[in-house]
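Here the structure comes first, spelled out in structure tokens, and everything after it is commentary.
The values are calculated or read from the model by the stated rules, or taken from the named source; none is laboratory data. Computed from a predicted model, the values in this text were never measured in an experiment. Counting neighbours? That spans all protein chains shown, and the Cβs are built from the backbone with ideal geometry, glycine included.
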Amino acid sequence: MGKLLMLRDDDDRRIERLKTRLGAPSKVQVVRSALDLLEARADREERIVRWRHAARLVAASSAEVNREFRPGARRRLQRLA
């Protein structure tokens, strides 16, 4: 069974306008579409947090590897061998 949702008059008018603009068959479809977008935004923000964390973890070793590929680094490596 569904749950009742109390809406303010302004929100109801906004949903009705969006229903017309989107060609949605019902108000529920408008709300579901909005929830899908909010979920996608939340998922994206969570991924960004994970990417930033991963980037912080590999930053030091990445900088070290990048130094090896600078001009002249090859000659230094050959001298070490």
For S33, indicate whether it is more than 23 Å from the chain's Cα centre (by Cα) and either on the phi < 0 side of the Ramachandran plot or surrounded by 10 or more Cβ atoms within 10 Å (Cβ to Cβ) (or both). no
- Query: at pLDDT below 95 and surrounded by 10 or more Cβ atoms within 10 Å (Cβ to Cβ), is that true of E68?
  - Reply: yes
Practice item. Please indicate, with yes or no, whether at least one residue in segment 1-24 is on the phi > 0 side of the Ramachandran plot and either among the polar types (S, T, N, Q) or under 29 Å from the mean Cα position of the chain (by Cα) (or both). Key: yes
How many residues of segment 1-20 are in a loop (DSSP other than H, G, I, E, B) and surrounded by 11 or more Cβ atoms within 10 Å (Cβ to Cβ)? The answer is 1
Checked pairs for segment 6-20, first under 11 Å from V30 (Cβ atoms), second of a type in the set (V, I, T), C-beta under 6 Å and 6 or more apart or across chains, list as I15/V30; L18/V30; K19/V30
